[in-house]
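A quick write-up on the structure given underneath.
The values are calculated or read from the model by the stated rules, or taken from the named source; none is laboratory data. Keep in mind that what you see is a predicted model, and the values were worked out from it rather than measured. Note: ideal-geometry Cβ built from the backbone for every residue, glycine included; neighbour counts use all protein chains shown. Please note that ligands, DNA and RNA were not included when accessible areas were found on the heavy atoms of the full protein model with its side chains. Shrake-Rupley method; radii C 1.70, N 1.55, O 1.52, S 1.80 Å.
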Amino acid sequence: QVQLVESGGGLVQPGGSLRLSCAASGSIFTIYNMSWYRRAPGKQRELVADITRGGVTNYADSVKGRFTISRDDAKNTVSLQMNSLKPEDTAVYYCNADVSEGLLRPTYGCWGQGTQVTVSS
């Protein structure tokens, strides 16, 4: 019943910035880890960044220092601020969240539909 919807993707020139957002809705009790993944053309999906319930972050080496992941638990959202974008950042970006719908319910992974980011001059 939990749904994730990404937004904020688009076309940007190299060196530019974009901010992606992911909003969770539905019968949410608790959201644990939240992550951003991406799939570039002809490549496998890769983890870009993740953030724990406690706010601890982790980044792929390729985006470290350029991207920042953050979350707002009051609004059930996670964002990805992307600066100094490069053509190799071009990909479909997906939001992922580990969610629980109740105290006695198991935690499961939920995926968004993805948003396209294209970095090109």
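Observations, loosely collected:
- Checked against (1) touching a residue at least 60 places away in the same chain (Cβ under 8 Å); (2) open to solvent by less than 50 Å² (accessible area, probe 1.4 Å); (3) under 15 Å from GLN116 (Cα atoms), VAL5 passes all but condition (2).
- Single residue of the stretch 70-95 satisfying the filter (aliphatic (A, V, I, L, M) and open to solvent by 10 Å² or more (accessible area, probe 1.4 Å)) that is nearest to the chain's Cα centre (by Cα): VAL92
- Unmet criterion (only one of (1) closer than 17 Å to VAL119 by Cβ; (2) of a type outside the set (Asp, Glu); (3) part of a loop (DSSP other than H, G, I, E, B)) for TRP36: (3)
- Residues that are in a strand (DSSP E or B) and open to solvent by less than 30 Å² (accessible area, probe 1.4 Å), drawn from the stretch 58-69: PHE67, ILE69
- Considering (1) on the phi < 0 side of the Ramachandran plot; (2) out of contact with any Asp or Glu (no Cβ under 7 Å at 6 or more places or on another chain); (3) at pLDDT 95 or above; (4) open to solvent by less than 80 Å² (accessible area, probe 1.4 Å), the lone condition that GLY55 does not fulfil carries the number (1).
- Evaluating SER25 against the criteria (1) within 22 Å of ARG105 (Cβ to Cβ); (2) among the polar types (S, T, N, Q); (3) within 13 Å of the chain's Cα centre (by Cα) leaves one unmet condition, (3).
- Taking the stretch 70-97 as the range and being touching a Cys at 6+ places or on another chain (Cβ under 8 Å) and under 20 Å from GLN1 (Cβ atoms) as the test, the residues that pass are THR77, VAL78, CYS95, ASN96, ALA97.
- Filtered residue count, the stretch 77-106, keeping only those that are at pLDDT 95 or above and assigned to a loop (DSSP other than H, G, I, E, B): 5
- Enumeration of residues in the stretch 29-51 that are open to solvent by less than 40 Å² (accessible area, probe 1.4 Å) and within 30 Å of LEU104 (Cα to Cα): THR30, ILE31, MET34, SER35, TRP36, ALA49, ASP50, ILE51
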